[in-house]
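Scroll down for the structure; my scribbles are underneath it.
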Amino acid sequence: MKAIVEEISGQSLDEYMMQNFYQPMGLETMGYLPLKRIPMDRIVPTEYDLYYRMQLLQGHVHDMGAAMQGGVGGHAGVFSDARDLAAMMQMYLNGGSYHHQQFLSTETVNEFAKCQFCNGEKEENRRGIAFDKPNRQGSEGPTCDCISYESYGHSGFTGTLAWADPEEEIVYVFLSNRIYPSMDNKKLQKMNIRTRIMEAIYMANTNGKTMRVIHPDRDMGLMGLEF
């Protein structure tokens, strides 16, 4: 998809996204190559890379494939804080609209967000286009069983999760540098933290409770999303 965007637009992916999405949407932190725009002390360190770059990764994409592309990959390289990422997910939830401006057609969002190869009970591939989707009930996946099959999102290797549910009108963003200082840290998976938080959100929503949404302040730091 990176190659398609760059071929049609005549721009690099980072320039195209900044000019057509991040800046018009008012997203101050989201983007590729954050060290060109943001002080390092605002960016959360990712990992002590002792097998490829032999240094602490802070402000540089963790994914090696994206690093070999100069930090701008179609699958990795975007940095953001929680607010900007929530805004992007809300734009998808709005059918491509944000602040009264249409960034994507609703038809495009719906097509990318639907399961492309679901076939009744037999689910050979749960994913949409670029988006992940929930697994069928009882199967392992990025979400709890409580979430609707209409929902979609992304879970990243570094511990991030961003999910949108059009049926319940919920956006859930979880940012973590779980691989700091080492990718051997697997506590998020073992303790099922992201899914347990998702369950709590849906339980509160189902019970009609008023929830207090807790999010980090903008100055708490940026995470590499591994998109």
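The values are calculated or read from the model by the stated rules, or taken from the named source; none is laboratory data. As the structure is a prediction and not an experimental result, all values here were calculated from the model. Cβ placement follows ideal geometry from the backbone for every residue including glycine, while neighbour counts extend to all protein chains displayed.
Computed values, structure above
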| read-out | value |
| --- | --- |
| Segment 1-32 - residue that is assigned to a loop (DSSP other than H, G, I, E, B) and free of Cβ contacts under 8 Å to residues at least 40 places away in the same chain and, of those, nearest to Ala87 (Cα to Cα) | Gln23 |
| Filter pass, Ala130 being in contact (Cβ under 8 Å) with a residue 40 or more places away in the chain and in contact with a Leu (Cβ under 9 Å, 6 or more places away or on another chain) | no |
| Candidate set: segment 118-142, residues that are at pLDDT 90 or above and surrounded by 16 or more Cβ atoms within 10 Å (Cβ to Cβ); chosen: the one farthest from Arg178 (Cα to Cα) | Gly128 |
| Breaking point among (1) among the hydrophobic types (A, V, I, L, M, F, W, C); (2) within 19 Å of the chain's Cα centre (by Cα); (3) surrounded by 14 or more Cβ atoms within 10 Å (Cβ to Cβ), for Met1 | (3) |
| Any hit, segment 107-117, residues being under 23 Å from Ile179 (Cα atoms), surrounded by fewer than 21 Cβ atoms within 10 Å (Cβ to Cβ) and modelled with pLDDT of 95 or more | no |
| Pairs, first farther than 19 Å from Ser151 by Cβ in segment 90-106, second assigned to a strand (DSSP E or B) and of a type in the set (Ser, Thr, Tyr), C-beta under 9 Å, six or more apart | Phe103/Ser97 |
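Here is a yes/no grid of residues against (1) among the polar types (S, T, N, Q); (2) outside any loop (DSSP other than H, G, I, E, B); (3) at negative phi; (4) within 16 Å of the chain's Cα centre (by Cα):
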residue	(1), (2), (3), (4)
Asp41	no, yes, yes, no
Pro45	no, no, yes, no
Tyr48	no, yes, yes, no
Tyr51	no, no, yes, no
Val61	no, no, yes, yes
Gly77	no, no, no, yes
Tyr92	no, yes, yes, yes
